Every structure is written in C-alpha cells, then in structure tokens.
Amino acid sequence: MNSTPTQPTWRRRPLIVAVGLLILVAGGLALWHFQPWISAEPSEKKGASTATKYTCPMHPQVVRDGPDICPICHMDLVPEGSGQTHDESHSHDDHANMIHLTERGRVLAQVSTVVVESRAVGAGVQVPATVELNESTQRAVAARVAGRIERLYATQTWQPIRKGEPLLELFSRELIAAQQEYLLARESATTDALGFRSVGEDANGANRAGRVVAAARARLLQSGMTEAQIKALEERGSVTQTIIMYAPISGMVSRRAAVEGAYVNEGTLLLELVDLSSVWVKANVFESDLPRIRSGMEMELSGPAIGGQKLVGRVDFIYPTIDPTTRTAQVRGVFSNGGGMLKPGMYLTASLAPDAVRSLAVPVGAVVRTGAMDMVYVEVEKNMFQARQVTVGTSDGTWYAITGGQLKTGDKVAAEGGYLIDSEARLTGGSAATGHQGH
C-alpha cells in the first residue's frame with residue numbers, strides 16, 4: 001500500500017529554532033523597555049516615606065516638604081523634631097532639651113543676650129500700712145481701795161484729758177480710816193503740853209513715832225492720794241469724805257469702764273487712757289523684702305487720708321512671724337502725732353528705702369514666669385538655648401536679683417525674647433519643665 005510522502009523532520013527543525021530566537025529577543029526588548037516603570041514605583045514610595053517635613057516653630061500648622069519661609073511670621077522653617085538633637089558631638093541628654101534658633105529666626109524674634117554678673121539691686125518698698133495705738137502710751141486707771149463712785153468727770157470715750165485733771169470722785173470708808181490714822185500718828189509724834197515726850201531720837205537713834213507717821217503716810221499714797229492732797233489734809237487737820245482721782249497722763253479716754261454710783265473693789269478697772277501724740281504704723285512687707293529691712297531705717301507715709309503730705313518716722317520693730325495667707329510680715333514704725341493727723345485705723349502707704357543687695361542679677365525681661373517656676377534661657381552654644389530654673393529676689397524695675405537656682409557668673413542669658421524661645425521649646429518638644437530637671 002502506497003502512502004503520501006511527508007517533509008522530513010530535519011527540514012522543519014531550523015524553522016522552529018528561528019521562531020524561538022525571535023520570541024526571546026522580543027521578550028528581552030520588552031523587559032528592557034518597561035524596567036524603569038517597574039522599579040520607579042517602589043523607589044518613589046520609599047522616598048515619600050522618608051522625606052523630611054519642615055514646619056514653623058511659632059506656627060506648627062505650616063508644613064512644607066522642603067526648606068521654606070513661614071508665610072505668617074517669615075521665620076525659616078525647620079525640620080520637624082529639630083529641637084531634640086542638633087550636633088552629633090554632644091550626647092542626647094545634653095541636647096534633648098535645647099532649643100535651636102536659626103540666625104534669621106533669632107533676628108526676627110529679637111533675641112539678645114547679656115552676661116550674668118554680680119550687681120547691687122535695690123528699690124524702694126511700697127506697701128500698705130495702718131495706724132494703730134502706741135501701746136507704750138496706754139495707761140489704766142484702777143481703784144486703789146474699795147468704794148463708791150460719787151462723781152465721774154470723764155463722761156465719754158475719746159474725751160481729751162490733760163495730765164492732772166480730775167477723772168472721778170470716790171467715797172471710801174477704808175480711805176477715811178487711813179486719813180484718821182495718819183492724823184493720830186502725827187499728833188502722837190508732837191511734843192505734848194507737859195513735855196514728857198520729846199521729838200528727839202531714842203537710845204537706838206530712831207524716832208519710833210516718826211516711823212509710825214511715815215508708815216501712815218505711805219498708806220495714803222498707796223490708796224491713791226497725791227502729795228498735794230496729803231498736804232491739804234495736814235493743813236486742814238480733818239478727814240475728807242471723798243477723794244478725787246486725777247489723770248496720770250495727757251491723752252484721751254480710750255475706754256470708760258465705770259459709771260457714777262457704781263461700787264468698785266480694789267483693782268477694779270475704771271478708765272483707760274492713751275496718749276495719741278505718738279502712734280504706731282504697721283506695714284505689711286513681703287517676706288522676700290524682709291532681708292533688706294532693719295530697725296532704725298526711715299519709714300515714710302503718704303496717702304489721701306493725710307492730704308498728700310509726707311510724714312517720716314522710724315522702724316522700731318520687725319515682727320517675728322509671717323502671715324501664711326499673704327506671705328507678709330509686719331514692720332512697725334513710730335511716728336510723732338502732735339497735731340493729731342494720724343488716727344488709729346487710718347489706711348496709708350508706707351515707703352521704705354532699704355540698702356541695695358549685691359547678688360547675681362539678670363534683666364527683668366530675661367525671666368520667664370510660668371506660675372509654677374521662674375526660668376531663664378542660657379545660650380550654651382551659638383543660637384542654642386537651654387532652660388534653667390532660678391529663684392527670683394528683689395527687683396528695681398530693670399534687674400532681678402537671683403537668690404538661687406542654676407546660674408553662675410559668666411553665663412549668657414536671653415535678655416529679651418525668652419518667652420518666644422519658651423514657646424518654641426514647647427512646640428518642638430523641648431519642654432522647659434524637663435529642661436531644668438536635668439541639671
């Protein structure tokens with residue numbers, strides 16, 4: 001049986017090889033052509049994830065993909081988190097709380113520095129004060145013997161009284177008996193008509209009768225009679241039924257504790273007198289100013305209550321306690337008040353001029369007062385600032401005395417612009433609260 005002849009296999013093999021080579025070349029060309037598009041996508045994603053964002057320290061809502069200028073404050077944008085690390089030559093702990101300013105940002109924020117040094121800082125202290133009674137001029141008038149008030153001459157409180165003027169008239173049986181005893185003692189001491197008793201001294205050199213007279217006289221004085229009243233008794237030779245009590249000082253009746261017709265015992269308070277020719281003025285001085293106050297320094301008073309006049313006195317006592325609520329201590333001054341201008345209870349302003357205290361000092365604008373603490377910003381490197389906690393003392397309006405903290409002579413502090421630096425510290429994460437804790 002005959003079959004149709006076919007093309008030999010060896011004649012078809014070159015065709016297959018040629019087609020395969022064409023396919024390989026075409027695939028290679030396609031791979032080479034599309035390679036940039038395949039590799040570009042992951043590369044761009046990687047770059048996008050690591051690109052640095054730039055933001056404004058004062059306006060964190062402004063964010064750019066690269067260096068730029070803030071459209072609000074015109075400060076240079078800084079990389080996000082740049083407040084944390086600045087220089088690989090320093091440790092992370094040293095720079096974690098430092099705030100870096102660009103040169104342009106420093107100029108725009110008007111940040112200037114001043115070297116810390118010791119200087120005398122002092123200013124007058126002006127504080128509220130009140131007028132009070134001078135306790136050293138107060139006198140109490142009390143009954144020396146029991147009796148009854150027959151008449152009262154000091155009839156009202158704050159009645160002016162002069163020394164030696166009558167205050168009241170007292171009837172006392174005890175005082176009548178003392179007068180009789182004195183008259184009898186005097187009579188027995190005189191020479192009797194027969195001449196049996198002389199006034200001369202006895203064998204012991206003492207006059208017994210004279211000693212009795214002296215004792216009776218002393219009893220009258222202790223009972224409240226004056227020398228003039230005793231002399232009148234001697235001249236009169238008879239007792240008086242009532243005794244007048246006189247004012248021991250000039251002043252005013254600050255208290256009236258008795259009325260006419262009242263019975264009193266020995267020691268009963270009758271009246272209180274006070275001499276207002278001298279008064280106390282108590283000023284409330286803050287405890288921070290107390291180290292500069294001393295006894296003997298001048299205290300000046302002013303205020304509407306005295307018609308704009310200036311009255312000068314002297315500090316005579318500094319009270320040893322502090323009011324826990326106002327954190328003040330009372331400083332007492334003594335003032336002459338002959339004209340009666342200063343009245344107890346009057347509200348005035350006291351001015352003290354203490355000597356200046358020499359200590360470390362910084363400008364007033366350098367201190368950032370947060371309420372919880374006081375801070376200054378020290379330039380530790382060029383345009384690099386760090387917060388330091390300080391204790392502020394007295395101020396003269398231009399300088400603050402630094403009484404404690406982490407400053408030393410020679411430190412450079414931001415004299416102006418401290419609040420702007422503090423704001424940047426909080427926005428960039430360099431919290432001032434932690435900045436001072438690390439030192």
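The values are calculated or read from the model by the stated rules, or taken from the named source; none is laboratory data. Because the structure is predicted, anything quoted here is derived from the model rather than measured. In this analysis, Cβ positions are derived from the backbone assuming ideal geometry, glycine residues included, and neighbour counts consider all displayed protein chains.
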Q) Looking at this structure, is residue 351 among the hydroxyl-bearing types (Ser, Thr, Tyr), touching a Phe, Trp or Tyr at 6+ places or on another chain (Cβ under 8 Å) and closer than 23 Å to residue 278 by Cα? A) no
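One line per residue, one yes/no per condition, for (1) part of a loop (DSSP other than H, G, I, E, B); (2) buried (at least 17 other Cβ atoms within 10 Å of the Cβ); (3) in the same structural domain as residue 284 (by TED's automatic domain parsing); (4) not aromatic (Phe, Trp, Tyr):
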{"residue": "361", "(1), (2), (3), (4)": "no, yes, no, yes"}
{"residue": "371", "(1), (2), (3), (4)": "yes, no, no, yes"}
{"residue": "375", "(1), (2), (3), (4)": "no, yes, no, yes"}
{"residue": "380", "(1), (2), (3), (4)": "no, no, no, yes"}
{"residue": "392", "(1), (2), (3), (4)": "no, yes, no, yes"}
{"residue": "397", "(1), (2), (3), (4)": "yes, no, no, yes"}
Q.
Just to verify a result, which residue in the stretch 291-334, among those that are among the basic types (Lys, Arg) and in contact (Cβ under 8 Å) with a residue 24 or more places away in the chain, is nearest to residue 359 (Cα to Cα)?
A. 292
Q: Please tell me if residue 367 is under 24 Å from residue 285 (Cβ atoms), among the hydrophobic types (A, V, I, L, M, F, W, C) and in contact with an Asp or Glu (Cβ under 6 Å, 6 or more places away or on another chain).
A: yes
Q | For residue 337: the one exception among (1) farther than 22 Å from residue 391 by Cα; (2) free of Cβ contacts under 8 Å to residues at least 60 places away in the same chain; (3) of a type outside the set (A, V, I, L, M) | A | (2)
Q) Can you name the residue in the stretch 363-391 that is of a type in the set (Lys, Arg) and without any contact (Cβ under 8 Å) to a residue 24 or more places away in the chain and is also farthest from residue 110 (Cα to Cα) among such residues? A) 369
Q. With respect to residue 146, is the statement that it is in contact (Cβ under 8 Å) with a residue 40 or more places away in the chain and touching a Leu at 6+ places or on another chain (Cβ under 6 Å) true?
A. no
Q: Inspect the stretch 401-411 for any residue being crowded, with 19+ Cβ neighbours inside 10 Å and not in a strand (DSSP E or B) and give the result as yes or no.
A: yes
Q.
Quick check on my filter: what residues within the stretch 320-354 are in a strand (DSSP E or B) and of a type in the set (Gly, Ala, Ser)?
A. 329, 333, 336, 350, 351
Q.
Condition first: loosely packed, with under 15 Cβ neighbours inside 10 Å, among the charged types (D, E, K, R) and assigned to a loop (DSSP other than H, G, I, E, B). Now tell me which residues in the stretch 119-162 satisfy that.
A. 162
Q) Among the residues of the stretch 224-257 satisfying the criterion of being within 16 Å of residue 187 (Cα to Cα) and of a type in the set (Asp, Glu), which is farthest from the chain's Cα centre (by Cα)? A) 235
(Q) Given the options 362, 413, name the one that is at pLDDT 85 or above, within 23 Å of residue 291 (Cα to Cα) and not charged (D, E, K, R). (A) 362
